[in-house]
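This report refers to the structure that appears directly beneath it.
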Amino acid sequence: MIALDEWQERARAWLAQAVPEFGLAARAGLTQDEDLEVGRRYMAAKYDVGFSGITLPPEFGGQGLSRLHKVLFDTLEMQVAMPVGYFGVSTAMPLPILIRYCEDKAWVRERVIAALRGEEIWCQLFSEPAAGSDLAGLRTRAEGGEQGWTVNGQKLWTTFAQYSDYGILVARSDPSVPKHKGLTFFWIDMKAPGVTVRPFRLANGDIQCNEVFFDDVAMADSQRLGPVGEGFSVAIATLMIERYAASDADGFGPPIEAFIETLRPLTINGRPALEDGRVRGVIARNHALRQGLDSIRRRALLAMEAGMEPGPEGSLNKLFSVRSRQKLSELALDLQGAGGLSYAEGAYTKADWATSWMGAPTMRLAGGADEMLLNTIAEKILGLPQDYRPDKGVPFNAIPV
Amino acid sequence: MSILHDETQQEIAAETARVLGARRDKARLLEVLDRCGEWDEGFWRTAVEQGWTGLAVPEDFDGLGLGLTELGLVAQEAGRVISGAPFLTYGHGAVCALLACGDEALQDAWLPRLAQGEVRAAIAFAEGTDPIPLCPQVEYRDGGLHGEKAGVAGALAADIAVVSASRDGTPVLVLADLNAAVSGQLERTAIHSIDNGRLFANLGFHGLPATVLAEGDAARDLALEMQAQMAVLAAHEQTGGAEALMLAARDYAVERKAFGQPIGAFQSVKHRIAELYGLVEIARANCIHAASLQGQAGFLEAAACARLSATEAYDTAARDAVQIHGGTGVTWEGALHLHTRRARSLAIELGNGLFWEDVLVTGLTGVAA
């Protein structure tokens, strides 16, 4: 294996040469469908040079490298804004789960390579209209057994389901036991009869989320991933895969330097905005917060490099950085006066205040709402008691609706 | 210096925690609060015995030749148990000043004694609401100091002081031997304060002899560099204190029951504690980062970040931990007010939040306030 810094330099160099073809400027003005096609070409190019599936085993088409390699590459890739959003869920969670639980290894290898090359896309069918933070309360039913299964119900918030070929699905296989114990995990063909996908627009204008309906969709028992009734632990294992994802102390919004440059030409009461004490306080507080989060991230990387387990404080990033992004974006818009009113839907959130601001509420909910993150910190790190849960230990079908 | 602590550094932190944990004396700390002029001398004896006074002094001057990272770890543990007579931080300030002045006779005279803990130092920069005045009112003329510095931490038991002053309108930093004062050259007026263990006093100078360490722009730069290094140590202390409060709140919330369950099961309580955890870890990360940049580019901004986030963490923890403790939190015997008081004294001592916001933003933007 080559040295980490040499590998990182190679990645940096390859990404730099890819920018003219795949970067933000090259994609300006494209529709989402056109952008997706550029994304697919980028994924294929990345696969061909060996920067795809970094942590996946080589026998499945991956690179067999460490999670540190992956975090480093993802961070570099984020900095140059490559069109990878469509493949984020697809290549992160489903592939390791398939490798681990699916018995037809040759078929898995085909799927992994096709997903890494951007030829196929996978979605994650977890959340439902009545089950978001409380995932185990989901209602989509899977009935059957060894002879095959039938799925009925509805998923919601399914990212990029409109482009997906396959999905991983958690469904209720036994409503007569407590909610965590009656779930089973499957993969599903999104083109199968009875699957209906309806994209809907988010408040910021994005069309990424979908409702997915299942009407008597048939699945073979070989599509089951993990034992019957163990779906919740497979789902948790899925969510744990992304624990060391690339994090961004700016909450995927513009950095403090951008705030300073936005304000540099502005005035308040006839004086430069950057001389205003209120503005200076905001700059200082947000910079100190983000500097702290960034130090936590860098320390975690060093720990991983030294073969140690990073500390639990890495889990603070999303909670603190996105709140900072939201408030800083608000202020950046306010301070520009009428200049803060224009909105270029779909602009890059790290470079545009309005887009950053409109997208921030989604970020505070997706991948763990603030309140759930605080619960996790309190319970898993600090050992505080769980919330009172009236449905605990009660058979699912006996929980009052 | 790496931001990932090595084994030696981890050992320093663990050993300091062990030593301080064993000698923790809450009754004595409470007693000191009522007595202007008394302080936690036991902590100082421990600091001298353990060699903490010499940790960041070069080996040539009988120190251990380590730096802010190691001294910061000691300060963090001291902050956790509300120890830390002011002299660890201010002794380090004096060491910085002496190392920067380049006067070998002065260095030989004072650095080994600071390293051995034989002398205690105070730092007197602030005047009025200005943590580092550009043109101090205190004057230096004919080899002596004239004027007053108010609210100097440690001043009641310090042997030497580094003082900022003006000589013919030019700023100077001078070193004064407080014990050499004769016939009214020095007045120490004790302040009965919110945190008496910090030994606050107003220092009145009436011709106290002093030696110049730096002058002009060099004096200003050195004062800011010293302030930043001391602020990083104070930030470690604040972080230790904030963490202790956060954990006390956690323990209480697990133990105390109301409405049929531990109060820590209510989100209004557990989320408050989780937020504190976040503030503590962000402050800690900034402290580690700042200490690792000692002597390098970007140190001043990193120090400001450490100071701002540690002050926020300690103040927030002081408010919220008391709130979570309910009535127990506001009793004398419950002793949480030891932290509440220390959070305030440490926040005031080395420049308040506005001062550090301006240091940071001027550094980031190039625009002064």
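The values are calculated or read from the model by the stated rules, or taken from the named source; none is laboratory data. Everything quoted here is computed from the prediction, not taken from an experiment. Note that each Cβ is placed from the backbone with ideal geometry, even for glycine, and that neighbours are counted across all protein chains shown.
Restricting B:158, B:176, B:150 to residues that are closer than 23 Å to residue B:350 by Cβ and either in contact with a His (Cβ under 7 Å, 6 or more places away or on another chain) or surrounded by fewer than 17 Cβ atoms within 10 Å (Cβ to Cβ) (or both) narrows the list to B:150.
Only a single criterion out of (1) within 27 Å of residue B:195 (Cβ to Cβ); (2) in contact (Cβ under 8 Å) with a residue 60 or more places away in the chain; (3) surrounded by fewer than 24 Cβ atoms within 10 Å (Cβ to Cβ) is not satisfied by residue B:294, namely (1).
Of all residues in the stretch B:103-148, count the ones that are assigned to a helix (DSSP H, G or I) and in contact with a Gly (Cβ under 7 Å, 6 or more places away or on another chain). Step through it out loud before you land on a result.
So the first thing to find is which residues in the stretch B:103-148 are assigned to a helix (DSSP H, G or I), and the list is B:104-116.
Filter once more, so that each one left must be in contact with a Gly (Cβ under 7 Å, 6 or more places away or on another chain): B:114-116.
The qualifying residues number 3.
Put simply, of B:94, B:75, B:56 the only residue that is crowded, with 24+ Cβ neighbours inside 10 Å and in a loop (DSSP other than H, G, I, E, B) is B:56.
Checked across the stretch A:240-248, the condition of being exposed (fewer than 15 other Cβ atoms within 10 Å of the Cβ), within 14 Å of chain B (Cβ to nearest Cβ) and among the charged types (D, E, K, R) holds for no residue.
Here residue B:138 fulfils each of the conditions (1) buried (at least 17 other Cβ atoms within 10 Å of the Cβ); (2) within 27 Å of residue B:240 (Cα to Cα) apart from (2).
Is it the case, given these coordinates, that residue A:300 is under 20 Å from residue A:80 (Cα atoms), under 23 Å from the mean Cα position of the chain (by Cα) and at pLDDT below 95? Full working, then the answer.
Details: under 20 Å from residue A:80 (Cα atoms): no; under 23 Å from the mean Cα position of the chain (by Cα): yes; at pLDDT below 95: yes.
Taking the combined requirement at face value, the residue does not satisfy it.
Could you say whether any residue in the stretch B:339-354 is crowded, with 18+ Cβ neighbours inside 10 Å and at positive phi? Yes; the residues of the stretch B:339-354 include at least one that is crowded, with 18+ Cβ neighbours inside 10 Å and at positive phi. Going by the conditions given, is residue B:316 out of contact with any helix residue (DSSP H, G or I) (no Cβ under 8 Å at 6 or more places or on another chain), within 14 Å of chain A (Cβ to nearest Cβ) and polar (S, T, N, Q)? The answer is no for residue B:316.
Within the stretch A:43-72, how many residues turn out to be assigned to a helix (DSSP H, G or I) and either among the polar types (S, T, N, Q) or modelled with pLDDT of 95 or more (or both)?
Taking the stretch A:43-72 and keeping what is assigned to a helix (DSSP H, G or I), we get A:43-49, A:58-60, A:67-72.
From what's left, either among the polar types (S, T, N, Q) or modelled with pLDDT of 95 or more (or both): A:43-49, A:58-60.
Here the count works out to 10.
Please specify each residue of the stretch B:297-330 satisfying the condition of being crowded, with 24+ Cβ neighbours inside 10 Å and either outside the structural domain of residue B:231 (by TED's automatic domain parsing) or of a type in the set (S, T, N, Q) (or both). Correct list: B:309, B:311. Meeting the requirement of 2 or more residues that are within 25 Å of residue A:107 (Cβ to Cβ) and touching a residue at least 24 places away in the same chain (Cβ under 8 Å), the strands (runs of 3 or more DSSP E) wholly within the stretch A:177-239 are A:183-189, A:209-219. The residues of the stretch A:260-318 that are in a loop (DSSP other than H, G, I, E, B) and either facing chain B (nearest Cβ under 7 Å) or touching a Gly at 6+ places or on another chain (Cβ under 6 Å) (or both) amount to a single one, A:306.
Residue by residue, here is whether (1) farther than 30 Å from residue A:205 by Cα; (2) hydrophobic (A, V, I, L, M, F, W, C) holds:
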{"site": "A:295", "(1), (2)": "yes, no"}
{"site": "A:304", "(1), (2)": "yes, yes"}
{"site": "A:317", "(1), (2)": "no, no"}
{"site": "A:336", "(1), (2)": "no, no"}
{"site": "A:351", "(1), (2)": "no, yes"}
{"site": "A:375", "(1), (2)": "yes, no"}
{"site": "A:383", "(1), (2)": "yes, no"}
{"site": "A:392", "(1), (2)": "yes, no"}
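Residue B:282 - would you say it is of a type in the set (A, V, I, L, M, F, W, C), closer than 18 Å to residue B:75 by Cβ, in contact (Cβ under 8 Å) with a residue 12 or more places away in the chain and within 8 Å of chain A (Cβ to nearest Cβ)? It would help to see each step written out before you state the result.
Numbers: of a type in the set (A, V, I, L, M, F, W, C): yes; closer than 18 Å to residue B:75 by Cβ: yes; in contact (Cβ under 8 Å) with a residue 12 or more places away in the chain: yes; within 8 Å of chain A (Cβ to nearest Cβ): yes.
Considered against the rule, which asks whether it is of a type in the set (A, V, I, L, M, F, W, C), closer than 18 Å to residue B:75 by Cβ, in contact (Cβ under 8 Å) with a residue 12 or more places away in the chain and within 8 Å of chain A (Cβ to nearest Cβ), residue B:282 comes out as yes.
Candidates in the stretch A:111-157 are the residues that are closer than 25 Å to residue A:368 by Cα and of a type in the set (S, T, N, Q); of these, the one that is surrounded by the fewest Cβ atoms within 10 Å (Cβ to Cβ) is A:133.
For the stretch A:87-97, the tally of residues that are touching an Asp or Glu at 6+ places or on another chain (Cβ under 9 Å) and surrounded by 21 or more Cβ atoms within 10 Å (Cβ to Cβ) stands at 2.
Listed here are the residues, each with its yes/no results for (1) among the polar types (S, T, N, Q); (2) more than 20 Å from the chain's Cα centre (by Cα); (3) within 29 Å of residue B:70 (Cα to Cα).
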| residue | (1), (2), (3) |
| --- | --- |
| B:181 | no, yes, no |
| B:195 | no, no, yes |
| B:219 | no, yes, yes |
| B:223 | no, no, yes |
| B:234 | no, no, yes |
| B:237 | no, no, yes |
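Checking each residue in the stretch A:315-331 for being closer than 26 Å to residue A:83 by Cα and not basic (Lys, Arg) picks out A:315, A:317, A:319, A:320, A:321, A:322, A:324, A:326, A:328, A:329.
Residue count for the stretch A:73-82 under the criterion of being surrounded by fewer than 18 Cβ atoms within 10 Å (Cβ to Cβ) and in a loop (DSSP other than H, G, I, E, B): the result is 1. Pick out the one residue from A:342, A:329 that is closer than 27 Å to residue B:302 by Cα, more than 8 Å from every other protein chain (Cβ to nearest Cβ) and out of contact with any strand residue (DSSP E or B) (no Cβ under 9 Å at 6 or more places or on another chain). None of the others qualify; the one that does is A:329. Just name the residue that is nearest to the other protein chains (Cβ to nearest Cβ) out of those in the stretch B:225-274 that are touching a residue at least 24 places away in the same chain (Cβ under 8 Å) and within 23 Å of residue A:318 (Cα to Cα). Among them, the one singled out is B:273. The listed residues are A:275, A:313, A:305, A:309, and the only one of them that is at pLDDT 90 or above, acidic (Asp, Glu) and surrounded by fewer than 17 Cβ atoms within 10 Å (Cβ to Cβ) turns out to be A:275. When only residues in the stretch A:213-236 that are at pLDDT below 95 and surrounded by fewer than 17 Cβ atoms within 10 Å (Cβ to Cβ) count, which is farthest from the chain's Cα centre (by Cα)? Per the stated criteria, the residue is A:233. Take residue B:328 and tell me if it is within 30 Å of residue B:34 (Cα to Cα), touching a residue at least 40 places away in the same chain (Cβ under 8 Å) and either more than 11 Å from chain A (Cβ to nearest Cβ) or among the small types (Gly, Ala, Ser) (or both). So residue B:328 passes the test. The listed residues are A:331, A:341, A:319, and the only one of them that is more than 19 Å from residue B:289 (Cβ to Cβ), crowded, with 18+ Cβ neighbours inside 10 Å and either more than 21 Å from the chain's Cα centre (by Cα) or among the polar types (S, T, N, Q) (or both) turns out to be A:331.
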